Amino acid sequence: MTNTPVRCHQFYMQRALDLAAQGRFSAAPNPMVGCVIVQHGQIVGEGWHQRAGEPHAEVHALAAAGASAKHGTAYVTLEPCSHFGRTPPCADALIKAQVAQVVVAMQDPNPLVSGQGISRLRAAGIEVLVGVLETQARALNCGFIARMQRQRPWLRLKMAASLDGQTALANGASQWLTSSAARADVHRFRAQSSAILSTATTVLADQARLTARGEWVQQQPLRVIIDSQGKLKGDEPLFTESTATAAPILLVHSAELTTTRTWPEQVTILQLPVTSSGQIDLAELLHQLAQTYQINSVWTECGANLAGALIAAGWVDELILYLAPKLLGASAQGLFALPVWQQLAQAPTLTYRDVRQVGADLRITATINANQGDLSS
């Protein structure tokens, strides 16, 4: 057994995590994974998973290390795969390279494969250490873990408000409440999300396209628009992009809605049941996004009604709130349409994870405590 100090394991694993994070704009629906090969205290190879269908992090790192990988230590942020998918098993590649030790941040959360890669390595006589910087690894891939373990994506709800908690004037005027820096920040979040969720009401009010724009964009997220009543006609800016470059759209209708409208090529219709209140079944929608469309993370931009419904149902994992240095007054429109609670104990409790200034605005990142479980910690 090797006697590498814990702090050294953490140092190399942190490097692997930093590499893995480079895949945040391109790796989905796969998880972000980084790998570092160390020999005699020196990094001899490293790599990260760049895109689904392309070589995994271990393959890149082993190729860079070459013969130097033999009897070395591989640091991997996620358990090496043990099955044939679009690429061969990485556990086999590590065995073939004759590494002496594999340090893994966390097991694969996929219940069909979890633990099998580790078992294969140990059966080949390779020492395996699991759990180094596991908390950081889980936070990095909270979306993939959510899809694997609870069959729904990690849901981030983005809202923007004045300092007194209002989203628009009473007449609906809201552009531009926040600064250009905040809007650029939103595009960065969009670019690293698997899907953007909104409603027909928001699309019509803002003439929204809901695409990601900026230098970091490598693949456009799926645009998921809830339109239970068929308000959208197909001539909105959302639909009028060039077919060759248009981001895909999933238009969500109620199961009872009948339409003969012809939609652009990038549009798919998903018909879902409605609840007793006449609203689209959000639980079923999130399940479909995870299971059918392999969506890891959802970035939500919507009005007070959907925002309130998502929070009240417990589907929001993370709230991203931009606060503008403006005061709109009591007659303006509020953030969330929430139930009328009788006791403070009924109100959702949040934990601030990050507070920072973005341009002229404040960005607050908070998690809703009841929803966290062990997905990101």
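The values are calculated or read from the model by the stated rules, or taken from the named source; none is laboratory data. Please read these numbers as outputs of a predicted model, since none were measured by experiment. Positions of Cβ are backbone-derived with ideal geometry, glycine not excepted, and every protein chain shown enters the neighbour counts. Side chains included, ligands, DNA and RNA excluded: accessible areas come from the protein's heavy atoms. Shrake-Rupley method; radii C 1.70, N 1.55, O 1.52, S 1.80 Å.
Once you mark the GluC sites (Glu not before Pro) that are in a DSSP loop and have at most 15 other Cβ atoms within 10 Å, what is the longest gap between them in the chain? The longest such stretch corresponds to 1-214. Ligands, DNA and RNA left out, the accessible area of the chain computed with a 1.4 Å probe is 51% carbon and sulfur. Between CYS8 and SER114, the simple label model (points 7 Å from Cα in the Cβ direction) yields a spacing of 3.2 nm.
When the helices in the chain are scored as -39500 (n - 2.57) per DSSP H run of 4 or longer and the sum is shared across all residues, what 222 nm value do you end up with, to the nearest 500 deg cm²/dmol?
On the way: 10 runs with 94 residues, N = 377.
Here the helix-only value at 222 nm equals -7000 deg cm²/dmol.
In the full protein context, the chain carries 46 Å² of accessible surface per residue, based on a 1.4 Å probe and ignoring ligands, DNA and RNA. Candidate cross-link partners of LYS326 among the lysines, defined by an alpha-carbon separation under 26 Å and a same-chain spacing of 8 or more, comprise LYS158. Once the chymotrypsin sites (Phe, Trp or Tyr not before Pro) in DSSP loops with at most 10 neighbouring Cβ atoms within 10 Å are cut out of the chain, the longest remaining piece is 177-377. In loop segments of the stretch 1-107 as defined by DSSP, the trypsin sites (Lys or Arg not before Pro) with at most 16 further C-beta atoms inside 10 Å of their C-beta are ARG51, LYS70, ARG86. Separation of the stretch 70-145 from the stretch 172-200 is 36 Å, based on Cα centroids. Dividing the mean sequence gap of close Cα pairs (under 8 Å, 6+ apart) by how many residues the chain holds gives a relative contact order of 16 percent. Here the simple spin-label model places points 7 Å from the Cα toward Cβ, and for VAL355 and GLU215 these points are separated by 3.2 nm.
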